[in-house]
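For reference, the structure is listed below as structure tokens.
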Amino acid sequence: MTGAGGRITAALRGLPRRLYEDLWALPVDPVPAAGRPGAPVWRPVFGMLLALVAGAVALFHVYDLIPHGAGIPAYAVLLAAGQSGALMAGMSRPLYAWWASLALMLVSMRLAEPALAHDDLFPTASETTLQAGALFLLALRVSPRRAVAALVVSLVAGAVSASFTTAPHNHAMDRASLVLVTAVVIGAALRALRVARTELVEQSELTEEERARRTLLEERNRIARELHDVVAHHMSVISIQAQVAPHLVENPSDELRENLAGIRENAVEALAELRRVLGVLRSEDAVADGLRHAPQPTLERLDELIGKVRSAGITVTAETTGRRRPLPPGVELSAFRIVQEALSNVLRHAPGARARVQVGYHSAAVTVRITNTAPASPGRSTGGGGHGLLGMRERTAMLGGDLTHGPTPGGGFEVVATLPLEELS
């Protein structure tokens, strides 16, 4: 009991500060910028409707404040205009607008009460409507706890003010309370819907970014594995040649033997280090681990790749320009993979289309161009289109090349990769 009593005492001591923060100090939810998730596209229309409602209620409110048989007093117009203005201000400053509306409501209740007949509603319908509007706009922009705290303050203040009367009236505090509670409930529900929708859109964006990032990392791992094979092959060749070279020279000198031994030793150490750093990538991919010793594909296997695509129902033509010659292994591998991925995209996204593969050999670069016509039927969507292009872009950038892609005038698609040779030959 002592612990519970201490918690209650601490809660009561912190209550004034919490109320101050909830009802004054803490900021309200910002209005999302145009184009962002949750941005209210209906805001201008809602503003115009709110202005019309506020104006109409203000006219009724002026009528409520007019004493029987008297003209329109100036204070009645000022109070009605003030409460309508507070309601309009609630769109941008809902917390302070609610406070202003509450204060003006209490003043108008005291001024209107003597002018009301015994069968008139008290509080009046106009006062209840204006206060409900202010609470509704507040509930749209603050947490439910803060909205409930404001509702309680409005109900208590209204009940206390309605209890002091100079004549009997048709007390409507019960009906007014129901209207205020309904306004807060609807406002809080709409805010919860907006917050959930915003979080869903943001989560979808994060999921898409994460999917793209994961695809990019997987492609980089794949490139690293393939480069590991290429570099490891060359380092192994260097090691073997350094070991065999002394036997190809008659009476090799000790200095030559020593240099060749150093070359072989450095090659072996570099190969071991390379396998330690990059070899672990193979163990993370069961398929790659099963193909550990398979040779990496080159453009020599392009006809084989095109044959497989043709067997899947796609018409593919191939064309080679320039003098066909061996290329650096990294360029051969990347060119083959780019063609492979581009044709895979045709299979996925352009069923029934005709594809064309062009390989151009130049003095300083090799180009691959893959085009397809418009699909005969809509392709299947993967929910994150464009990830295949990430791998092509990574491979091209790794070699210092250039990749362009985009739709063609006939409704097809084109991918062009330029892979330089000068820096790698």
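The values are calculated or read from the model by the stated rules, or taken from the named source; none is laboratory data. In this text, all values refer to a predicted model and were calculated from it rather than measured experimentally. Note that we place each Cβ from the backbone using ideal geometry, even for glycine, and neighbour counts take in every protein chain shown. Note: areas computed on protein heavy atoms with side chains; ligands, DNA, RNA excluded. Shrake-Rupley method; radii C 1.70, N 1.55, O 1.52, S 1.80 Å.
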Practice task
Using amide H atoms built 1.01 Å from N in the peptide plane, name the residues 5+ places from THR315, or on other chains, whose amide H lies under 5 Å from its own.
Solution key: ALA355
Practice task
With a point put 7 Å past each Cα toward its Cβ, work out how far LEU78 is from ALA159 in nm, to one decimal.
Solution key: 3.2 nm
Problem - Neighbourhood net charge (11 Å Cβ-Cβ; Lys/Arg +1, Asp/Glu -1) for VAL357 - result: 0
Problem - With DNA, RNA and ligands ignored, accessible area of VAL309 (1.4 Å probe; Å², nearest 10) - result: 10 Å²
Handout entry: Net lengthening on full extension, ARG175/ALA312 (0.36 nm per residue, minus Cα-Cα)
Key = 42.1 nm
Practice task
For an R0 of 41 angstrom, estimate the FRET efficiency from the Cβ-Cβ distance between GLU199 and GLU258 and round to the nearest 0.05.
Solution key: 0.05
Exercise for the section: Provide the FRET efficiency to the nearest 0.05 for the ARG301-ILE240 pair, computing r from the beta carbons and using R0 = 30 Å. Expected result: 0.75
Completion exercise
Summing +1 per Lys or Arg and -1 per Asp or Glu among the other residues with Cβ less than 15 Å from TYR96's Cβ gives 0
Completion exercise
Note to self: with every protein chain in place and a 1.4 Å probe, the range 85-130 gives an accessible area per residue in Å² of 38 Å²
Exercise for the section: Positive end of the charge dipole of the range 110-181 (Lys, Arg +1 and Asp, Glu -1 on Cβ, about the Cα centre): tell me which of VAL153, LEU130, ALA115 has its Cα farthest that way. Expected result: VAL153
Exercise for the section: Quick one: dipole size for the range 108-241, taken about the Cα centre, charges +1 on Lys/Arg Cβ and -1 on Asp/Glu Cβ, in debye to the nearest 20. Expected result: 220 debye
Problem - Calculated FRET value between THR321 and ALA376, using beta carbons and R₀ = 25 Å, to 0.05 - result: 0.30
Handout entry: In Hz, Karplus ³J(HN,Hα) per residue of the range 170-178 (6.51, -1.76, 1.60; θ = phi - 60°; x = Gly, Pro)
Key = 8, 5, 10, 5, 5, 5, 5, 4, 5
